[in-house]
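Enquirer: The structure is given below, and queries will be raised subsequently.
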C-alpha cells in the first residue's frame, strides 16, 4: 500500500471560531446569562434562495486552484495595500442579492474582546506567583505547598491545579492537597483534574477519579458533564460523549446552556449535523430525546450501544447512585421552553448550520441573535464571514467585514486568515497576498495559521520568489517556519529542481531542533514521490536533534516506498530486517507495502515469505496485497501458485475482488486454457463479484487463443451492455481472432468502427496489415501502413517494424529507409525485429549475398559498431546517401578496432556517392589495421573503380580473379561486368560474361528476391 504523500493542511488549523464552551468562568447557570439591553434590532434579510449554494467544503481552506506564478516578491513585501472592506475585483465569484445587513441604529452591545498575550502567564496576586514558580522549577510538591497551604482559599487551590502543565503533576498536587486535614472536597477541584486527565486521554485514571468523587459524596454538576462531553468528543469518542448526557438525564439533571452548546459542538465537529440540530431544538422546548439517535442504526457514526452495557461499567455504577436525601433539589428544566442567551452558543449554532449547508438557518440564527440583544463578538463575525465565503458569496463576506467595523468589533488575525483562505480557494492569489500584508497594516501580527496558509498557497503554485520573501518576513519577525509547512516548501523546491535549496532548508531547521517523526516522514515522502531515493535516504539516516529519538514506523514505510519506486528491492529488504534491532517494529502497512512492492517487481518468492511472516505476526493482509501476489504469479505463468494464494486468501477471510479473479482468468487465457478460465469466471459470479471489462476482455482473449469465434462473440456482445461498450483491448482481441481466421469482412467492420470512434491504436493497424498481407492484398496493406504512418501511432519499435515489413514486402524500400531514420531520430533503438526487417531490405536492395551474410554474422556476434554498419548499408541501398555517410562517420571516427564488415560498408557507402578517394583511403586504413581484403571488399572496390572510370583498377581485380588469386565468386564476376559497363567498355564486359559461364558449370538461380519478412502476431505489441 503506497503511502500517500504528506499534507501539511491540518484540519484543525482554521478551527478558530470557538473557545471550548466549558471554559467560561462560571460555576452555576445563573452566571452564564448574558445581559439584555433595550435596542432597535437591525433588520436582517436571509439568504436569497434563488441562488444555488455549493456544498460546504469544510474549514480546510487551502485546496487551491493553480494560477500563473506572475507575481513578484517586491509586490508582496513592499507595495502599499488598500484593502478597505476587501473590495477586490473578484471576477471568479459572483455575489447574490441576499444575505445583506441593512443599515440600522441597533444598540446591541458587542462582547468585550479578551486579550491574551501569547506565552505569558496570567497575573495573580498574593502568594500564588511564588507557589507556581516553585512547582514549575521542579521543587517537591510538599515543600512548595506546605508553607502556604493553610492560608490558601479553595479558589487559590483551583488556580494551582489548573496551572500545572502535565496530568502527572496535577495528580501529585491533588493527592497532596487531599492528605491535608484542612482540605474540604470540592467538585470544582475534581472538574479540573478530570479535564486534565480527559485531555491526556488517561481514561483509567479518569475512571478512578470519578469513582473517588462519588465515594466522597460529591455530585457532578452541569460543568462536570459539560467538561466530560468536551474531552470525550475531542478524543474522537463521540458516542461516549453523548452518552454522558444520557447518564446526566438518568440522574435527573437537565443540561444547561453551556452543556447543550458543548454537545452541539461535539456533534458538529463529528459531522453529525442533523443530530446536533435535533438536540438543540429539543433542548429549546425543554426535552432531551437521545433514544432516537443513540439507539438507532441510521448510518450515523453513533453506532448503537446498549445503555445497560454502558451503565454496567464500574464508572457509571458509582457515578449513577441515587441522589442523597440531603442533597440539594435538582431544578427540573424539562418541559419548559427556553432560548440561548450566550454569544458562544449562537456562534456554535451559526457554524453548525453553515457546515450543514443550511445557509438560511444560519442567517436566521444570526438575525435572532441580534434581535435578542445578545452581544456579537469577533468570533460571531468570523463564523458568518467563513459561512458566506465558503459557499462562494465573497461579496457578502466582505460586507460583513464592513458591518463588523461599524459595530466597533475589531477584526483579529483569524478574520484575515479566513479571507486569505477564501481568496486562495477561489484562485484570487493577488487578493490573498494583499490580505496577508493587511494583517500588519492594521496593527495585527500574522500567526502560525497565517504563515501556514500563505506558504501553502504560494508553494502549490511554485512561486519560489514569493515563498522566500514570506520566509524572510517570518524570520524578521522572530518567528520560525511551522513544522507542517517545512515539507510543503521542500516539495516546491524539489518539483522546481532546486534540490540544493531543499537540502539547505531541511538542514537549517533540523539543527534548530524540534522536528517530529511525522515531519521527517513527510520530507522523505517528497523525495520518494520523485524517485530521489538517495536524497530520501539522506533524510532518513540524518543525525537527529533529540538524543535517543528513534525512527517511527511511518518513516520506515515511506523509505520502503522510495526504494520501491527506484526498484532497489534489496535495500528495502535490508532496511526491513534492521527495523527491530533499531527498536521499531513493522506494522501492517510495512508488510503490505513491501509485499506489493516485491510483487510489482515479480520477486514473488520473497513476497510470499513476507506474507507468511505477516500472518504469523497477527496482521491480516489487505485484499490488494493478495491481489498483487496473484497478479505477479499470473504474469510469470505460475498459475498453480496464483491459485494457491487465492485459496489462502479465502481461508484468511478476505473476499477476493474482480482484480484477483481477473488476474487468474487472464493467466489461463494467455496459455489458451479456456476451461480453467471459464471455471474461475463462474466462481467469480457465484461469489457475487460482477465481471468488469478487464475480466471479459480476458475471456475474449481466451476464446481467441483457441479460435472459438462463437464464444468470443457472445462475451463481446455482453460487453456492449456496459455504458461505454467494449474497450479497445477487447475489440483488438476480436479483430485479431478474425484476422487469424481470415475473416476479412468482419475484421474490416470492426476496424472501420474503431477508426470512426477515434479509438484505433497501433495494435488495430498492425492487425489489419497482418490480415491483408496474409491474404495477398498488398495494396490494402500498404494503404493501412500509410494511414498508420501519418496517424502518429508509430511510437515504439514494434509499430515501426510492422510498417517497414509491410513496405519491404511490397518493394517500397525508400519508405523503409525513411521510417528507419524517423525511428532513430525518435531515440528508439532498433531491436531484433527491426534488424530482421533490415536484412530483408538488404537482400531486396541487391546487396551481394556475401555482404549480407558478413553483416549478419557481425551483428549476431555483437562486434563493435556492427549495428551502425547495418543501418549505413540500408541507407546506401535505398539511396539515402546522406544518412548512410553520417552513420559511417559515427564509427570511423572512433578509436576502436573495427572488423572487415564495417570497413566494407564504408567503402560501399562512399563509393556509391562518387567519393572514390575517401573510399580508397578507407581501404588503405583497413590494410593498415592488418585486415586483408575479402570478397566483399573486392566487390565494393571494383564498383568504386567502375563508377569513377578507373579502368586500370577494374582490370587489376579482374586479372586476379581470372588467374585464381581471388576465389571465384558469381557476385564478384557480376560486379566486374557492371564496372566495365560503367566505364563504357562493353567489349570487356562481354568477355567477363563468357568467363563467368566457363567458371561455373551451370548457372545457378539467384536467391529469390521475394523473401517475405517473418511476421509476428499483431497482438505481440
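Enquirer: Could you list 574, 873 in order of exposure, starting from the residue whose Cβ has the fewest other Cβ atoms within 10 Å?
Expert: Going from sparsest to densest Cβ surroundings: 574, 873.
Enquirer: Sticking with this one: Could you put 950, 769, 804 in order, starting from the residue whose Cβ has the fewest other Cβ atoms within 10 Å?
Expert: 950, 769, 804
Enquirer: For a test of the definition: using alpha carbon positions, the gyration tensor, and the 1.5 limit on a/c, classify region 517-607 as rounded, prolate or oblate. Intermediate results must be reported in sequence, preceding the final value.
Expert: Details: a/c = 2.10, a/b = 1.41, b/c = 1.50.
Oblate, because a/c is 1.5 or more while a/b does not exceed b/c.
Enquirer: Between region 712-756 and region 353-388, what is the C-alpha centre distance in whole Å?
Expert: Centre-to-centre (Cα) distance: 61 Å.
Enquirer: Can you grab the distance from the C-alpha centre of region 238-253 to the C-alpha centre of region 479-496, Å, no decimals?
Expert: 45 Å
Enquirer: Could you tell me whether region 857-898 comes out rounded, prolate or oblate from its Cα gyration tensor? Rule is a ≥ b ≥ c as square roots of the eigenvalues, rounded for a/c under 1.5, then prolate if a/b exceeds b/c, otherwise oblate.
Expert: It is oblate, given that a/c is not under 1.5 and a/b is not larger than b/c.
Enquirer: Once the principal axes of the Cα atoms of region 134-244 are found, what is the range along each, listed largest first in whole angstroms?
Expert: Ordered largest first, region 134-244 gives principal extents of 45, 30, 20 Å.
Enquirer: Could I ask something else about it? Where the centre of each part is set by its Cα atoms, how far does region 669-688 sit from region 882-905, in angstrom?
Expert: Between the Cα centre of region 669-688 and that of region 882-905, the gap is 56 Å.
Enquirer: I've got another one for you. Take the alpha carbon gyration tensor of region 384-451, find the square roots of its eigenvalues, order them as a ≥ b ≥ c, and report rounded if a/c is under 1.5; if not, report prolate when a/b exceeds b/c, else oblate. If you can, show how the numbers build up before the last one.
Expert: Numbers: a/c = 1.78, a/b = 1.02, b/c = 1.74.
Judged from the Cα gyration tensor, region 384-451 comes out oblate (a/c at least 1.5, b/c at or above a/b).
Enquirer: Sorted from fewest to most neighbouring beta carbons within 10 Å, what does the list 210, 176 look like?
Expert: Ranking 210, 176 by Cβ neighbours within 10 Å, fewest first, gives 176, 210.
Enquirer: Could you order the peptides 938-947, 360-369 from most to least packed, using the average number of other C-beta atoms within 10 Å per residue?
Expert: Put in order of decreasing packing, that is 938-947, 360-369.
Enquirer: Rank-order 641-648, 715-722 by packing density, defined as the average count of other C-beta atoms within 10 Å over each peptide's residues, highest first.
Expert: Numbers: 641-648: 19.1, 715-722: 15.4.
Packing order, densest peptide first, comes out as 641-648, 715-722.
Enquirer: Among 747-759, 854-866, how do they line up by average Cβ neighbours within 10 Å per residue, starting with the highest? Mind showing how you got there, number by number?
Expert: Values: 747-759: 15.2, 854-866: 17.2.
By packing density, highest mean first, the sequence is 854-866, 747-759.
Values in this text are rule-based calculations from the coordinates and carry no lab data. Please read these numbers as outputs of a predicted model, since none were measured by experiment. When we count neighbours, we look across all protein chains shown, and the Cβ atoms used for this are built from the backbone with ideal geometry, even at glycine.
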